[in-house]
Structures are given as C-alpha cells and as structure tokens.
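Reviewing the structure listed below.
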Amino acid sequence: MYIGYFNQYDGGVPPQFGGLASLRRLDMSSCNLTGPIPPDLGRLKNLDTLFLLWNRLSGEIPTELGDMASMQSLDLSVNDLGGEIPASFSRLANLKLLNLFRNHLRGGIPAFLGDMPQLEVLQLWENNLTGALPAALGRNRRLKTLDVTTNHLTGTVPPDLCFGRRLETLVLMDNGFFGPIPDSLGGCKTLVRVRLSKNFLSGPVPAGLFDLPQANMLELTDNLLSGELPDVIGGGKIGMLLLGNNMIGGRIPAAIGNLPALQTLSLESNNFSGSLPPELGRLKNLSRLNVSGNALTGAIPPELTRCASLAAVDSSRNRLTGEIPEGVTSLKILCTLNVSRNALTGELPPGMSNMTSLTTLDVSYNALSGAVPMQGQFLVFNESSFVGNPGLCGGPLAAADDALACSDLGPGAGAGLLSLRRWDSKKMLVCLAAVLAALVAAFFGGRKGCEAWREAARRRSGAWKMTVFQKLDFSADDVVECLKEDNIIGKGGAGIVYHGVTHTGAELAIKRLVGRGVGGDRGFSAEVGTLGRIRHRNIVRLLGFVSNRETNLLLYEYMPNGSLGEMLHGGKGGHLGWEARARVALEAARGLCYLHHDCAPRIIHRDVKSNNILLDSAFEAHVADFGLAKFLGGAGGGGGGASECMSAIAGSYGYIAPEYAYTLRVDEKSDVYSFGVVLLELITGRRPVGSFGDGVDIVHWVRKVTAELPDTAAAVLAVADRRLSPEPVALLVGLYDVATACVEEASTARPTMREVVHMLSQPAIATAAADADAAQPDEDLLLSF
C-alpha cells in the first residue's frame, strides 16, 4: 500500500493499519506524520516492507516491530525518533535493509546485527550512537552498504566487513574509531566508496586500497595515519583520493600518475618530502590538487601545466624553489592558485594577467621579484596576494606605505627596490622621496604635477567612446562616474559589475571587463558579438558599451532582483515558491532554446548556471553573461549539428557536461546538461558543489540518494528543498523528470532545448506556473519577505 509522497496528513500512523493482516508493503514516506509509531503495526506478520521515512515521528521505536517475521526492508529514517535500537529486532531473521539514519537514537549498535543472516544494507548515520561496531558485521557474506557517519562510536574497524566479497560502500566518518585500517579491506575488490575521515585511525594505509578496480573514492582525511604511499598504484577508477591531515611521509610516488580518472588529489598537512613527481602531468582529469603544508622541495614541475582540467592548485607552506612555470597561463579554467610561503624566485609569468578564470591568487611570502601588473585579472587582487616578496612592487603593492609603484620608475625597478629595502629604513625613505620629487618636477613641471600626471594617464588610456544598440539618454562620462567602490554588486573571473544610476535616473548594470581594449579582450568580443545581434525577451539586453584603449565597460539593463543563484542560495531562497521556480525554469529554457534553434548561426552559451540567470523587477528570468559563447555553423531547427572541439575546458565547476570535460567537444547538449544542473538547484535548493563532500556534485548526490527509492515521487521528495512544503507534488515530479533527462551521462540521450521547453510547458508544470501569474505579484514569486 503506497499512500505517501502525494498526501499530507495531520496526525500519525493510524493504529488500525495493524488489522490489515494480509498487507505486504506499507509506504507512508513524506506524509508529514507526527506522534509515535503505533505498536499495533507489530501484528502485520506478512509485512515485508515498512517505509516511514521523511516524517516527524517521535518517541521510541516500538519493540513490537520485532514481531514482523516477514520483514525485509525497514526504513524509519529522517524522523525525530529516540531511545535505543530495540533488542526485539534480533528476531527479524529475513531483514535485508535497516535504515534508521537522521534520528536521535542513543545507546550501542546491538551485537545481533552482525549475526543477521540476510542483512545487506545498514545505515545509521547522524544519530547519537555509542560503543563499538559489532565484531561479526560482514560475516554473513552479504553486507553491501555500511554507513554510520556522525555518531560517537569508538573501537576498531571490524576485520570481516568484506568477508563475503560484496561490500561496496563503507562510510565510518566523524566518529572515534582507532587502531589500524584492516588489511582485509585492501583486498575487497568490490569496494566503490571508502570514507573513513575524522577518526583516530593510525598505522599505514593498506597498499591494496590504492589498487581497487571499482573504487571511485578513497577518503581518509583527518586521522593519525602514517607510513608511506605504495610504489604500485593502479585504481583506475579512483576519482577522489583524499589523505589530508595525517602523518603520511616519504615521497609522492610516480605511480600517482596511474590514476586516469583522478579529479581531486588531497595530500595537504602531512609529512611528504622530496619533489612533486612530473607524472602528475598525466592526470588529464585532475581538477583539484592540494599538497600544502608538507616538506616538499624542488621546482613546480612544468608537466603539471598539462593538466588542462585544473581548477584549483594549492602548494603553499612547503619548501618549493625555482620559478612559477610559464605554462600555468595555459590553464584556462584555473580559479585558485596558492603557492604562498615557499622559496620561489623569478618574476610572475607575464600572461597571468590574462587568466580570466583566476579569481584567487596567493603568491605571498616567497622571493619573487619584478613588477605586479596593474591590468587585466590583477585588478581583482589586493595587496595580501603579494606581500612578503621584497622584490615585488607595483600593482596593489603600490598602495602600501613602504612600497613603490615600480612601473613608474622604469625597467629594473623590482631589482632596484630589493636593494633599497636592504638599506637603513630612514635613509631609504629620504632617498625615495628625493628621487620621486625629482622625477615629478622634471616630467610634470612643478606645482601642477599631480594634475599633469592624471592628464597623462588619461591620454595614455585614450578618451572614452560609447557605442549604443538603442537610443540612450546618458553619456560615456555618466557611465564612468558610476565606477565607484560603493556601487560594486559583483566580482568574478570576468571582471567587476557595478550598479549605475545616471543623472537622468536610468539604472543599468555596468560590467567592467578585465581585458585590455576592444581588440585585446576575447570576452568582450564574445559578449558584443553575441548580444549585439540578439533580441529575445528572456535574454538580457545589451544596451551598448563604453571603451578606451585599456578598459571595456558593457552596459546592460539592470536586474533589481539579482541572479537566480543569489536568490536561491541566499537568505531569501526559502521564499521562492515552487510555482515561481517552475516559471523561472521555463523562461530560462526559452532563452536557451532561442540560442540553439532560432539564431543563425546557432549559439552555445557554454556557461549556463544559476548565477547567469538574472531576475528583473517582476522576477522574469533572463539568460546573461555570454563571455564564453560560441557560434556553430548552420541554421537552427534540428537537434543535431556538429560539435566543436575546444582547446581547453571553459565553464563553471559543477555545471560542466562530462563529455566536455573528457573530450573538449562541445555542442548544444553541453548547455542542456548545465541547464539540468540548474533545475536540480531549483528542486533541491542546494548549490551544485560544496555541500556533498569533495568531488561530489549535485548530479551524483541526487543519483545516490534516489537510487533505491521505489518511484519518481519518492525520489523527488527525498531531495526536495526542505524549506518549502512539498506541494504540488505533480509540479515537482515534472521538474525532476526534465532535470534527470537533461543530466544524462550520454549526450545523445539528453533532450534538445526545444524539447525541454515543450516538457516544461506540459500541464503538470505549466498550469501551476500559470496559476502563480494570477496571484498578487509579491505572493506569486515570493511567498513573503
């Protein structure tokens, strides 16, 4: 009997259900049930499945449930149940699945659970359980999943968990387990996920764990593990190798390059020594590398810059020497680079100011020298990114009291400044003051020096020129006047966005790009070349642009409600109702459909994400930010079309389609995948990455949570945003079906955006969204502020 998901009840489980003697399955999940579980259910001798998960049931688990002799699957997860696991459960000889996670259970895990002959899945995470794991767990030869994360368990890890060679998931995080990791786990060839972080495990890591054929995740962070990594590493499917915050030493073996699927390598805060192996350059899918806080020496291997998928590198707090490799400028999606607190020398690679994806840079406390560029992406960084390098000058350092803008002193200023800093500080200040005074007097002519200096800077940059795509009632000077610190409403890899209000009262969003001039900024060319020719209700309007030889300013219609990402994940996200979310999804889909099917040539956005969907004063959605857009040959209309091979990945972490990441081939279906991620954000209320553990994104999290649920309604309600009531369920199911279709692994299995618009326009979704249009505006889109 399925009466959950679609129904919401006032009250608890009817005790009368205990009289349904022939009942075999009872599913009342997500029904808003309250009160205790009635002991009468223990009379259901033929019941093999009882699902009461995702409710608000309280009290203790009735001992009478141990009388259900036919019980195979018992799931009471995500409630407010307390007390202990009943001893009567020892009579459930046919039990295969026991899920009691996210409750308030206390006491120990009964030893009889290790003796249950059929038990395959045991999930008890997020409770208050104490004591040790049953020593016999796994000896029934059937155990597949064990997850006891976030309890207060202690003792050692039982050695026979994989006795039947069937164990796939082992998650013991955030407890007090101690002692060694059993060697037997190194021979468990069925293991897919191993997560043992935040315990007190000690001793060496079994070498076999690095050679498991099916494992995609090995997480052992925050323990007391020691020893060295093995010279033989061959786990070909490992995507995440997390060993940070332990006491592992020795060299990082060259065999680390034998992990072709590796995306995240976390070795920080250990005792690794020696040099970084050049074999790291073979990890073509590596996106995050953290080796900070070790004793590594030698140079940063230039081979590392062959890892085109790198998005974050942290090698800080080591003893690295040599220069920052010039090849780092070829890493097109690198967002974070931290090489601070080493002994690096030389100058910053000249091309770094053109790395538009780089949003976090820290080269502080090295022995770098030369000038810090005051242009391009370096406009985003402040002094803290460069301090502690006596030979560096200029850029953000020029604002410091004890530094010079070395670019004003001519070539070789960095080396000169290094010598000056060795002088007595008073002598140095006197000398610098004299030099500067002489330069100013000679070049700018006495008392009018400051004014002449500013005028010279203006002449170097050239006059501001405004190009418009429609009639505007303000000038370029009006726009430039809006570029004030107080007006900044956003910063990112592409530049800085200001909210401008002109003297005529016109509101606009001003995007200051980090490139140099009209001809030297590919992002500028892409935005103007794309938006300058597009007219669609659900695509942000480019009003025009202002530019000189050094700076480009794009002028957009102002969106007072910001981006969907800010709204959804900010403090007001819980007020954005389901109907509003469905309508935003449909409007954004229409914008993308226009790009894919109605433009000639067709356009691929390549950076579809919630932060690039803007909301106007009526909360209508507009697709924005075309800095990465690409044209495809041929007219729109069909769903096919040749893909285009890119030189490097572009886009945002968590939204990038798998085929794009692996093959660098991009077509419309890459945008469809990214849009599917946005739909999952709308359904779950969660960000695409960051809340599921390192390397786990929203797509894989949803697949894991919903893998064993009986139907779509159960699946969507298991992941739905808990800030909202799960009504109307038909709307949620419709959105979920579209989302899962969009994020199919195989691009050919995904719908086209035209098909997505059609699906989002179906009655189950569109009717609810249309009903919202009939409501008052403030109640329609926001439940209430």
**OP:** Check off (1) crowded, with 23+ Cβ neighbours inside 10 Å; (2) of a type in the set (S, T, N, Q); (3) modelled with pLDDT of 90 or more; (4) under 20 Å from the mean Cα position of the chain (by Cα) for N246 and give me the number that stays unchecked.
**Re:** (4)
**OP:** Scan L276, L286 and give me the residue that is modelled with pLDDT of 95 or more, crowded, with 18+ Cβ neighbours inside 10 Å and touching a Leu at 6+ places or on another chain (Cβ under 9 Å).
**Re:** L276
**OP:** Kindly provide the set of residues from segment 741-751 that are surrounded by fewer than 21 Cβ atoms within 10 Å (Cβ to Cβ) and either modelled with pLDDT of 85 or more or basic (K, R) (or both), ordered by number.
**Re:** A741, E744, P751
**OP:** Any chance you could count how many residues in segment 144-159 are among the charged types (D, E, K, R) and under 17 Å from G187 (Cα atoms)?
**Re:** 1
Original post:
What are the residues in segment 752-785 that are modelled with pLDDT under 85 and within 23 Å of V702 (Cβ to Cβ), if any?
Top reply: Q762, A764, I765, A768, A769
Original post:
In segment 113-129, how many residues are hydrophobic (A, V, I, L, M, F, W, C), within 15 Å of S77 (Cα to Cα) and not in a loop (DSSP other than H, G, I, E, B)?
Top reply: 3
**OP:** Count, please, the residues in segment 703-734 that happen to be assigned to a helix (DSSP H, G or I) and either more than 16 Å from L568 (Cβ to Cβ) or more than 25 Å from the chain's Cα centre (by Cα) (or both).
**Re:** 16
Subject >> Whichever residue in segment 35-75 is among the polar types (S, T, N, Q) and in contact with a strand residue (DSSP E or B) (Cβ under 7 Å, 6 or more places away or on another chain) and, among such residues, is nearest to P14 (Cα to Cα) >> reply: S58
**OP:** Might you let me know whether segment 286-296 holds any residue that is touching a residue at least 60 places away in the same chain (Cβ under 8 Å) and either assigned by TED's automatic domain parsing to the domain that holds S652 or of a type outside the set (G, A, S) (or both)?
**Re:** yes
**OP:** Considering only segment 130-248, give the strands (runs of 3 or more DSSP E) lying wholly within it that have at least 1 residues that are of a type in the set (D, E) and either closer than 20 Å to N258 by Cβ or in contact with a Lys or Arg (Cβ under 7 Å, 6 or more places away or on another chain) (or both).
**Re:** 217-219
**OP:** Looking at (1) closer than 20 Å to G244 by Cβ; (2) touching a strand residue (DSSP E or B) at 6+ places or on another chain (Cβ under 7 Å), find the lone condition where T145 falls short.
**Re:** (1)
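Conditions (1) modelled with pLDDT under 85; (2) surrounded by fewer than 20 Cβ atoms within 10 Å (Cβ to Cβ), marked per residue:
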{"position": "L682", "(1), (2)": "no, no"}
{"position": "R687", "(1), (2)": "no, yes"}
{"position": "R703", "(1), (2)": "no, yes"}
{"position": "A720", "(1), (2)": "no, no"}
{"position": "S725", "(1), (2)": "yes, yes"}
{"position": "L732", "(1), (2)": "no, no"}
Original post:
Looking at segment 358-369, which of its residues are modelled with pLDDT under 90, touching a Gly at 6+ places or on another chain (Cβ under 9 Å) and surrounded by 21 or more Cβ atoms within 10 Å (Cβ to Cβ)?
Top reply: L358
Subject >> Residues satisfying the stated conditions in segment 287-304, i.e. of a type outside the set (G, A, S) and over 22 Å from the mean Cα position of the chain (by Cα) >> reply: N294, L296, T297, I300, P301, P302, E303, L304
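Go through the residues of segment 76-86 one by one and say whether even a single one is part of a helix (DSSP H, G or I) and either touching a Ser or Thr at 6+ places or on another chain (Cβ under 7 Å) or acidic (D, E) (or both). Explain how you work it out, then say what you get.
Start the filter on segment 76-86 by keeping residues that are part of a helix (DSSP H, G or I), which leaves none.
No, every residue in segment 76-86 fails to be part of a helix (DSSP H, G or I) and either touching a Ser or Thr at 6+ places or on another chain (Cβ under 7 Å) or acidic (D, E) (or both).
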Subject >> Identity of the residue in segment 50-68, farther than 9 Å from L81 by Cβ and in a loop (DSSP other than H, G, I, E, B), that ends up farthest from the chain's Cα centre (by Cα) >> reply: M68
**OP:** Say whether the condition of being part of a strand (DSSP E or B), outside the structural domain of D478 (by TED's automatic domain parsing) and under 24 Å from G500 (Cβ atoms) is met by at least one residue in segment 592-605.
**Re:** no
**OP:** Just name the residue that is farthest from the chain's Cα centre (by Cα) out of those in segment 162-207 that are buried (at least 21 other Cβ atoms within 10 Å of the Cβ) and not aliphatic (A, V, I, L, M).
**Re:** C162
**OP:** Among the residues of segment 613-622, count how many are at pLDDT 90 or above and over 13 Å from A509 (Cβ atoms).
**Re:** 3
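Got at least one residue in segment 321-339 being closer than 22 Å to L243 by Cα and basic (K, R)?
Checked segment 321-339: no residue is closer than 22 Å to L243 by Cα and basic (K, R).
The values are calculated or read from the model by the stated rules, or taken from the named source; none is laboratory data. Keep in mind that what you see is a predicted model, and the values were worked out from it rather than measured. Please note: Cβ atoms are built from the backbone with ideal geometry, for glycine as well, and neighbour counts cover all protein chains shown.
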